[in-house]
1. For the chain, which DSSP H helices look membrane-span-like by this rule: Cα extent along the axis of 20 Å or more and mean Kyte-Doolittle of at least 0.5?
2. In the stretch 1-108, how does Rg compare with the Kirkwood Rh, expressed as the Rg/Rh ratio over alpha carbon atoms?
3. Loop-only trypsin sites (Lys or Arg not before Pro) in the stretch 157-217, please: DSSP not H, G, I, E or B, and at most 11 other Cβ atoms within 10 Å.
4. Along the Cα-to-Cβ line of residue 385, 7 Å from the Cα, sits a label point; which residues in the stretch 316-336 have backbone N less than 12 Å from it?
5. Based on alpha-carbon centroids, what's the gap between the stretch 36-100 and the stretch 184-247 in Å, whole number please?
6. Residue by residue, what Karplus-based ³J(HN,Hα) values in Hz, rounded to whole numbers, does the stretch 35-43 have, using 6.51, -1.76 and 1.60 with θ = phi - 60° and x for Gly and Pro?
Amino acid sequence: MDFPIIGVIGGGQLARMMAPAATALGFELRVLAEGPDASAVPAVANATIGDYRDLQVLTDFAAGVDVVTFDHEHVPGEHLLALVEKGINVRPGPDALIHAQDKLVMRAAVERLGLPNPRWAEVSTVEELISFGNSAGWPVVLKTPRGGYDGKGVRVLDGAGAAGDCTDWFGTGPLLAEEKVPFRRELSALVARTPSGETVAWPVVESIQVRGVCDEVIAPAPDLDPAVAEAAAAAALRLASELGVTGVMAAELFETPGRGPGFLVNELAMRPHNSGHWTMDGSVTGQFEQHLRAVLDLPLGSTDLTGGAAVMKNVLGGENSDLFGSYPLALAAEPAAKVHTYGKSVRPGRKIGHVNAVGSADGVPALRRSAGRAAAIIRDGRDPLKEN
C-alpha cells in the first residue's frame, strides 16, 4: 500500500506535534529543520537540516515528498512561487500564505471582503504615522508587516512625540499603523479547509495573553454571545475560502461589544496555532490531524468537543531546567491533565510545552486550576499549592 509523504518546512513544535497524527494515519512525515537540535527532529524518522531561505535546499527537500506544508510562515514568497512553478504541491499556496506573512496584505484583504477591521493605514514616514494617529486617535499600534510574532515587531505609541522616536523603523519599507482597539478580550476562530473546498470550524475560544504571548486558552469562550460566536466562525470560514487557504487557519480576533458584529479581525495564521492546542485532547479531531487531512484533500474530521469544555495552559521556561524530573510531582498532582512538551532547552519565557485539561462545561474554573497547577510544577519544579 502506498501512503503519502508529507514534507514540513520548519522544525519547531508544530511540526513535532504533527508527527503522532501522521504516524496514526500511516503517513510519513519529513521535516526540513533549522538545526539538529530543532524540536521536531527526534519526532520523525527523516529530518533534513537546511536553510529554508535557500531555494535549492527547498527544491531538493520538496522533490521527495507528495505535498509540502509549514511549521511557520517565514519562507520567502518568491521561493514558494518557484516551487509551484516546478509542479510541487505547496499547501497552503503562496497566494494564500501571503496574507499570514504580510499584515498589510491581510488588512487589505479583510477590508476588501467587508469583514470588521480596526482603523488602519499603511505608513512610510513619521509624518504619515502622526497624521494617522491624529485622525484615528491615540494611542496607535505600530507593526512591522513581516516577521513579528508573540509581541515582537510591535510598538504602542501614546502620541505624536512617541511616533517621532520610530524613525529607525522606517528603513525597511512601509509599516502598518492601527488604532489601539478597546476590547473586552481576545478570541480565536480556528478553521480548516481542503483544496476541494470542504470547511469545518472548531468552537470560538478565549485566548488570554500575557506580555504579548498566549498564556491560556478556554474552549469554548465562556459567556460569548452565541450570535457573536456564529459570526466570528463564519468570518474565519469566509476568509479561508476566499483566500484559498489549505489546511488549518486561525483568525485571531478582538471581542468588541457594541461595535460591528461584536469582534474585529486582529491577525491570521495559516498553520496549526497555539490557540488550537486544546484540540489535541479536547476535540474529536485535533488540529494537527486535521491539518494533515486537509493538505492531502481528505475528508475532514469532526470538531465536536470530547467534553463540555477544555483549557490549555502554556508552559514557559522558568526556574526548572529538569522538566522530566518534575513529572512525578506534576502527574501525581493532576492525573487528569495531559502534558505535552516540545523537546526544547529551557530559557526564560520560551514556549516549552503546554498542559490540557478537559471536563464539563460548568467546570471551567476547576479545569483552569488543574492545567495551571500542572504547568506551574513543570515550570518551577515545585507545587504552588504546597508552598505555604
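Bear in mind these aren't lab numbers, they're just calculated from the coordinates by the rules spelled out. Remember, it's a predicted structure, so these values are computed and weren't measured experimentally. Glycine gets a Cβ as well: all are built from the backbone with ideal geometry, and neighbour counts include every protein chain shown.
1. Values: long enough: 226-242 (24 Å, 0.83); 364-380 (23 Å, 0.10).
Result, helices passing both filters: 226-242.
2. On the way: Rg = 13.6 Å, Rh = 14.0 Å.
So for the stretch 1-108, dividing Rg by the Kirkwood Rh gives 0.97.
3. Working: sites: 180, 184, 185, 193, 211; in loops: 180, 184, 211.
In loop regions of the stretch 157-217 (DSSP not H, G, I, E or B), the sparsely surrounded trypsin sites (Lys or Arg not before Pro) are 211.
4. The answer is 330-336, whose backbone nitrogens lie closer than 12 Å to the label point.
5. Their Cα centres are 25 Å away from one another.
6. Running phi through 6.51 cos²θ - 1.76 cosθ + 1.60 with θ = phi - 60° gives x, x, 9, 5, 4, 7, 4, x, 8 Hz.
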